[in-house]
1. I need to check one value: relative contact order of the stretch 102-155, counting alpha carbon pairs closer than 8 Å and at least 6 residues apart, in percent.
2. Compute the angle between helix 103-113 and the longest alpha-carbon principal axis of the chain, please, reported from 0 to 90 degrees and rounded to the nearest 10.
3. Can you tell me the orientation of helix 126-136 relative to the chain, as the angle in degrees between its alpha-carbon axis and the longest Cα principal axis, to the nearest 10?
4. Multiplying the sequence separation of Asn125 and Ala88 by 0.36 nm and subtracting their Cα-Cα distance, what value in nm do you get?
5. Using the Kirkwood radius over C-alpha pairs as Rh, can you work out the diffusion coefficient of the stretch 2-98 via Stokes-Einstein at 20 °C, viscosity 1.002 mPa s, in µm² per second?
6. How long, wide and thick is the stretch 102-155, going by the Cα atoms along their three principal axes, in whole angstroms, largest first?
7. For each of Lys107, Lys143, count neighbouring Cβ atoms within 10 Å of the residue's Cβ, then give the residues from fewest to most.
8. Ile5's amide H: which non-local residues (gap 5+, or another chain) put their own amide H closer than 5 Å, with H modeled 1.01 Å from N in plane and none for Pro or chain starts?
Amino acid sequence: MNVLIIGSGGREHALAWKLAQSPDIQDLLIAPGNAGTSRHGRNVPVNADQPDLLLEIARHANVDLVVIGPEAPLVAGLADRFAAVGIAVFGPSAAAAQIEGSKIFAKELMQEAGVPTAAAHSFENAADAIEFARRSGRRWVVKADGLAAGMDDYLS
């Protein structure tokens, strides 16, 4: 089996390390990879924001499975692009990745499904959010909607 891992972080390094241990893996490509992933497969200097080039590489290398690590390309629909051309992909569709890509979407989904979650309010602009926090007299955790690489929490 030929596998293409997309990403360059520790998650992708761990995936490459483990997949390289399988006797079923014939060719392991990591795009773009990192110094650690190069010990387990072949790094390919292509980023996740180059879907056409990634598709071309996957076709050329007869890739059987694509594993997408980072959230941003999943939210952007990269898994959908591979699935559309018949290449198996491990990663959610853009629609399913919304739960990671939008905190508002995730919060609304939890509320609709009856999943216990903290109280939340969303605002279109910072001034409205600040005014709400001041009037409430409570402390709030402020989160940016969308992907923020874990750097989206602020205490009011």
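1. Worked out over the stretch 102-155, it gives 34 percent.
2. With rounding to tens, the tilt is 80 degrees.
3. Orientation of helix 126-136: about 50 degrees from the principal axis.
4. The span from Asn125 to Ala88 would gain 9.3 nm if fully extended.
5. 166
6. Cα spread of the stretch 102-155 along its principal axes, largest to smallest: 30, 25, 18 Å.
7. Details: Lys107 20, Lys143 15.
By the 10 Å Cβ count, ascending: Lys143, Lys107.
8. HN-HN under 5 Å from Ile5: Leu29, Ile30, Ala31, Val67.
Read-outs: derived from the displayed coordinates by stated rules, not from any lab. Worth saying up front: this structure is predicted, and the values here are computed from it rather than measured. Please note: Cβ atoms are built from the backbone with ideal geometry, for glycine as well, and neighbour counts cover all protein chains shown.
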